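Following: one structure in structure tokens, then a few remarks.
Values quoted throughout were computed directly from the atomic coordinates according to the rules given, and no laboratory measurement underlies them. Please read all numbers here as calculations on a predicted model, not as lab measurements. Methodologically, a virtual Cβ is constructed for each residue, glycine included, from the backbone with ideal geometry; neighbour enumeration extends over all protein chains shown.
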Amino acid sequence: MPKLKTHKGTKKVLKVRKGGSISIGRPGSRHNTGKKNSAANRKNRKGSSLAKADYNRLKEII
């Protein structure tokens with residue numbers, strides 16, 4: 001069976017941490033941030049981790 005290619009769009013969005021968990025950005029942090037309150041903007045800067053269910057679904061393509 002041939003090797004699977006990495007999905008380049010997914011690779012640009014996800015980053016694998018040292019421990020193996022995957023970090024992702026938060027939705028709603030790209031544009032129209034002026035009308036959102038500053039607490040929401042600070043929260044979006046931190047990013048978040050990929051859920052285990054999503055990790056199991058995506059581990060073959062990254």
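In this entry, Leu4 passes the filter for residues that are more than 15 Å from the chain's Cα centre (by Cα) and aliphatic (A, V, I, L, M). So which pairs qualify, if the first residue must be in segment 27-46 and within 18 Å of Leu14 (Cα to Cα), the second must be assigned to a helix (DSSP H, G or I), the Cβ gap must be under 7 Å, and the two must be at least 6 apart or on different chains? From residues that are within 18 Å of Leu14 (Cα to Cα), the pairs are Gly28/Asn44; Ser29/Asn44. The residues of segment 4-50 that are closer than 21 Å to Ile62 by Cβ and hydrophobic (A, V, I, L, M, F, W, C), listed by number, are Leu4, Val13, Leu14, Val16, Ile22, Ile24, Leu50.
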